[in-house]
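Only one structure is covered here, and it is reproduced in the block below.
The values are calculated or read from the model by the stated rules, or taken from the named source; none is laboratory data. All of these numbers come straight from a predicted model, not from anything done at the bench. Using ideal geometry, Cβ is built from the backbone for each residue, glycine included, and neighbour counts are taken over all protein chains shown. Note: areas computed on protein heavy atoms with side chains; ligands, DNA, RNA excluded. Shrake-Rupley method; radii C 1.70, N 1.55, O 1.52, S 1.80 Å.
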Amino acid sequence: MTYLPVSGFVLTPQKYRIFFGFPLTYCIKSSRSRKEISSFSSHLIRFFVPLSPNREQTMKKEQNTEQQFKDVMAECRELFSNKLHDYGASWRILRPSSLTDQLFIKAKRIRSLEEKGEALVDEGIRPEFVALINYGIVGLIQLERGFVDEVDMTPDEAMKLYDRHAGEALELMLRKNHDYDEAWRSMRVSSYTDFILTKIQRIKEIEDLAGKTLVSEGIDANYQDIINYAVFGAIRLSE
């Protein structure tokens, strides 16, 4: 007696067979009708629907994106920690407008290099994306703590705040990347630059309004977007 494979599986003539936890009361023999086989196959597929090749590929990319994001953030963290060692948390003195202008200078230089195609100072585009990431996190810390006239934070305290905001940026990226289905990989690096400059301009407008917006996201959301776009730029320029 021959038993036919259904949906890639071969069934035995056991009446109540436990198959991946589901009791099956079917025994399909080669002599049974195709209609019966089709009916059983439909029943089985309700429980076992394999991922489509496209979705499986997307999931692998999402996992790779998460690791690449973490790798870039680890690189930025090391630089941030080293600068804390050398300068302390001197950025605590920066007022919001000064921090916004620092972000603008970095993003503007990236756009200038993209347009001109060469740099006379021996520092390319990728280090500027790294700087944008760290200044973006500094911006989030300053929003939370406010600026001061004298440094009031130890390196250890600064690193704890850095890690928390970096973790929140990662979680935001993962949620958006799930919804947008890795769309950032199909974008031009120059688009990241333009979006970052747009976010900076929005921050300037919100600052000029003293934070009193009608429908817009706050400054913190714009900082987070700047961080994530800058990470994408750093990833793409490393591939």
Of the residues in the range 98-131, those that are under 24 Å from D163 (Cα atoms) and in contact (Cβ under 8 Å) with a residue 24 or more places away in the chain come to L99, T100, Q102, L103, F104, K106, A107, R126, F129, V130, A131
Determine if the range 204-216 includes at least one residue that is part of a helix (DSSP H, G or I) and within 16 Å of K106 (Cα to Cα).
yes
Listed by first then second residue, the pairs whose first member lies in the range 137-155 and is within 20 Å of A230 (Cα to Cα), whose partner is surrounded by fewer than 20 Cβ atoms within 10 Å (Cβ to Cβ) and aliphatic (A, V, I, L, M), with beta carbons under 8 Å and at least 6 positions apart or on separate chains, are V138/L94; I141/L161; Q142/L94
Conditions (1) charged (D, E, K, R); (2) under 18 Å from R236 (Cβ atoms); (3) surrounded by fewer than 14 Cβ atoms within 10 Å (Cβ to Cβ) -> E182 fails only (3)
Counted residues in the range 174-189 being of a type in the set (S, T, N, Q) and either in contact with a Cys (Cβ under 8 Å, 6 or more places away or on another chain) or more than 17 Å from I226 (Cα to Cα) (or both) come to 1
Reported set for the range 103-121 where residues are touching a Leu at 6+ places or on another chain (Cβ under 8 Å), part of a helix (DSSP H, G or I) and either more than 15 Å from I200 (Cβ to Cβ) or open to solvent by 90 Å² or more (accessible area, probe 1.4 Å) (or both) is K108, R111
Scanning the range 84-97 residue by residue, those touching a residue at least 40 places away in the same chain (Cβ under 8 Å) and part of a helix (DSSP H, G or I) turn out to be L84, H85, S90, W91, R92, I93, P96, S97
Residues in the range 131-145: is at least one of a type in the set (F, W, Y) and either over 20 Å from the mean Cα position of the chain (by Cα) or open to solvent by less than 50 Å² (accessible area, probe 1.4 Å) (or both)? no
Screening G136, G124 for residues that are part of a helix (DSSP H, G or I) and either in contact with a helix residue (DSSP H, G or I) (Cβ under 9 Å, 6 or more places away or on another chain) or under 23 Å from H85 (Cα atoms) (or both) leaves only G136
Of L170, L197, L143, the only residue that is modelled with pLDDT of 95 or more, in a helix (DSSP H, G or I) and closer than 15 Å to F104 by Cα is L197
Considering the range 192-225, residues that are within 20 Å of R236 (Cβ to Cβ) and not β-branched (V, I, T), and then whichever is surrounded by the most Cβ atoms within 10 Å (Cβ to Cβ), we arrive at Y192
